[in-house]
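Structure record follows, encoded as structure tokens.
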Amino acid sequence: MYIGIDDTDSKEGMCTTYMAKLIIDRFGCEGYPRLIRLNPNIPYKTRGNGALSFVSEGDKDEIIEMLVKYSHYKKENTNPGIVFMEKIPLSLKKFSLKALHENIEIKDALNYIEKNKIDYFALGNKRGVIGALAAVGMELHDHTYELIAYRERSRFGKKREIDVKSVIEMDKKYYPLVFDNYDYRNKHLCIAPNSPCPVLYGIRGESPEILEKAQKMIKSEKIDKKQIFLTNQGTDMHLVTKRISEVREFDSVILRGEVSQNPVTIEGGHVIFRIRDEMEIFCAAYEPTKEFRDVIRKLIIGDIVRVYGGVKYTRGLTVNLEKIEILKLAKKYEIRKRKCECGGTLKSKGKGVYRCKKCGKKVKLKGIEIKREIKEGFYEVPPSARRHLSKPLCRYQKQQQS
Ligand code: ATP
């Protein structure tokens, strides 16, 4: 039977992967359990909007007892859900894709359950059934794996003891077959979460065999359990190519456009600019994206780019950049003469057009072409700022080679 679970954890502890692991240890599991990341932009998530599914012949009542025992259902915003299915309705694929790309209402998920006579159990407002259903039904065309090592119960909530040097050695040995382990520039250990959850670390990679080898190199506090999950992490499955006019809040999109407003750094160190096709939209490289912002700051009006990211409503619909492809750099000119005939200051409007701040007159000036400080190509946020679903460029390169 297929089992799907979601929403068992709270900010104070637990993790739905751990819940799945407890059930798997008790009843077994056929193949690898799946860790399916859903819409990363919805507001209800605790952290990474992950849901779990696996095939097991466990006893339903006992599994439900475990869910009640271990989940944080008494906490606000924790609404556990579990589904049991002998067969997967064809329509579940569509439902799952909707959970990845859109916002689903709880009542729609419950209607789906009723219509398809699906066996389920849920607590609180029952939101967890959305992820539980989607985790079972999601069809994957690309996947990676994550090996998660769990802490001993007595260590939950305490500082994690992981030898960073051993992680770097492991990363150097196996990258790019493993990825996003360590952020060298920002000296950030990416494999360990910051929350008080049972996870000690998670290593991401292309195959279970590599992950087993990689894990053996990591020196850390004692591990209680470990489990390899098959996952849609690192696949860019959340992204949909759209025109700006089609973009809605909570989407994750790929948009092609021309830079229509030069980047500005705002309070908090976030860098904001605009792109346009027939319409215009804001794009943002937020402060946690660190050195990625240096690339963004070098864009100018007229550059042709393809942006990748999640959409939130802040100053207007804004694409929170995960990656950018600079397709064509505009020519940049330096104008020596900066004054209008009337004596006013000329302000650049891009493409050699200037407007006088005093009299408003527009003039086209041809200056000396100066070298751009960036090159055309792909740029991504550092591993420390990477979203679970975002495909690292090393995976693009690897797939192009094979
Ligand atoms: P963790 O990553 O630690 O497991 P989380 O970030 O996955 O935590 P959850 O605790 O699973 O967060 O909460 C996410 C909630 O949102 C779940 O109840 C899930 O069913 C629900 N959900 C998932 N996708 C959607 C969606 N597209 N629309 C509406 N609700 C959704």
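The values are calculated or read from the model by the stated rules, or taken from the named source; none is laboratory data. Keep in mind the model is a prediction, meaning the values are calculated, not measured. Don't worry about glycine lacking a Cβ; one is built from the backbone with ideal geometry, like all the others, and counts go over all protein chains shown. Accessible surface areas use protein heavy atoms only, side chains included; no ligands, DNA or RNA. Shrake-Rupley method; radii C 1.70, N 1.55, O 1.52, S 1.80 Å.
Only residues that are closer than 22 Å to Gln399 by Cβ and of a type outside the set (A, V, I, L, M) were counted in the stretch 206-225, giving 5.
For (1) outside any loop (DSSP other than H, G, I, E, B); (2) of a type outside the set (Phe, Trp, Tyr); (3) modelled with pLDDT of 95 or more, each residue gets a yes or a no:
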residue: Met237; (1), (2), (3): no, yes, yes
residue: Pro263; (1), (2), (3): yes, yes, yes
residue: Ile272; (1), (2), (3): yes, yes, yes
residue: Phe282; (1), (2), (3): yes, no, yes
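Could you tell me whether the stretch 202-216 includes any residue that is open to solvent by less than 50 Å² (accessible area, probe 1.4 Å), in contact (Cβ under 8 Å) with a residue 24 or more places away in the chain, part of a strand (DSSP E or B) and over 23 Å from Cys29 (Cα atoms)? Checking the stretch 202-216: not a single residue is open to solvent by less than 50 Å² (accessible area, probe 1.4 Å), in contact (Cβ under 8 Å) with a residue 24 or more places away in the chain, part of a strand (DSSP E or B) and over 23 Å from Cys29 (Cα atoms). Scanning the stretch 219-257 for residues that are in contact (Cβ under 8 Å) with a residue 40 or more places away in the chain, more than 16 Å from the ligand (Cβ to nearest atom) and open to solvent by 40 Å² or more (accessible area, probe 1.4 Å) yields Lys219, Ser220, Lys222, Ile223, Asp224, Lys225, Lys226, Arg256.
Condition check: within 30 Å of Lys225 (Cα to Cα) and open to solvent by 50 Å² or more (accessible area, probe 1.4 Å). Does Lys115 satisfy that? Walk me through it before giving the result.
Values: within 30 Å of Lys225 (Cα to Cα): no; open to solvent by 50 Å² or more (accessible area, probe 1.4 Å): yes.
No, not satisfied.
Pairs are defined by a Cβ separation below 7 Å, a sequence spacing of at least 6 or placement on different chains, a first member in the stretch 88-114 that is farther than 25 Å from Gly309 by Cβ, and a second member that is assigned to a loop (DSSP other than H, G, I, E, B) and within 14 Å of the ligand (Cβ to nearest atom); the pairs so defined are Ile106/Asn125; Ile106/Lys126; Ile106/Arg127; Leu110/Lys126. Based on what the data block shows, is Tyr379 over 15 Å from the mean Cα position of the chain (by Cα), in contact (Cβ under 8 Å) with a residue 40 or more places away in the chain and crowded, with 16+ Cβ neighbours inside 10 Å? The answer is yes for Tyr379. Of the listed requirements (1) within 14 Å of the ligand (Cβ to nearest atom); (2) not assigned by TED's automatic domain parsing to the domain that holds Arg37, Tyr120 misses just one: (2). From (1) among the small types (Gly, Ala, Ser); (2) in a loop (DSSP other than H, G, I, E, B); (3) more than 30 Å from Lys219 (Cα to Cα), pick out the condition that doesn't hold for Gly157. Just one mismatch for Gly157, condition (3).
Rundown of residues vs (1) open to solvent by less than 60 Å² (accessible area, probe 1.4 Å); (2) within 16 Å of the ligand (Cβ to nearest atom); (3) outside the structural domain of Ala385 (by TED's automatic domain parsing); (4) closer than 25 Å to Ile64 by Cα, yes/no style:
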| residue | (1), (2), (3), (4) |
| --- | --- |
| Val129 | yes, yes, yes, yes |
| Ser154 | no, no, yes, yes |
| Lys158 | no, no, yes, no |
| Val167 | yes, no, yes, no |
| Asp180 | yes, yes, yes, no |
| Lys187 | no, no, yes, no |
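The residue list Gly4, Gly13 contains one member that is within 15 Å of the ligand (Cβ to nearest atom) and modelled with pLDDT of 95 or more, which is Gly4. Taken over the stretch 39-69, the residue count meeting the criterion of being among the small types (Gly, Ala, Ser) and within 16 Å of the ligand (Cβ to nearest atom) is 4. Here Tyr32 clears all of (1) within 10 Å of the ligand (Cβ to nearest atom); (2) surrounded by 15 or more Cβ atoms within 10 Å (Cβ to Cβ); (3) within 18 Å of Thr231 (Cα to Cα) except the condition numbered (1). Taking the stretch 92-109 as the range and being away from the ligand (no atom under 12 Å from the Cβ) and in contact with a helix residue (DSSP H, G or I) (Cβ under 8 Å, 6 or more places away or on another chain) as the test, the residues that pass are Leu92, Lys93.
State yes or no: is Val319 closer than 30 Å to Tyr175 by Cβ, modelled with pLDDT of 90 or more and either open to solvent by 50 Å² or more (accessible area, probe 1.4 Å) or not assigned by TED's automatic domain parsing to the domain that holds His188 (or both)? Spelling it out, Val319 is indeed closer than 30 Å to Tyr175 by Cβ, modelled with pLDDT of 90 or more and either open to solvent by 50 Å² or more (accessible area, probe 1.4 Å) or not assigned by TED's automatic domain parsing to the domain that holds His188 (or both).
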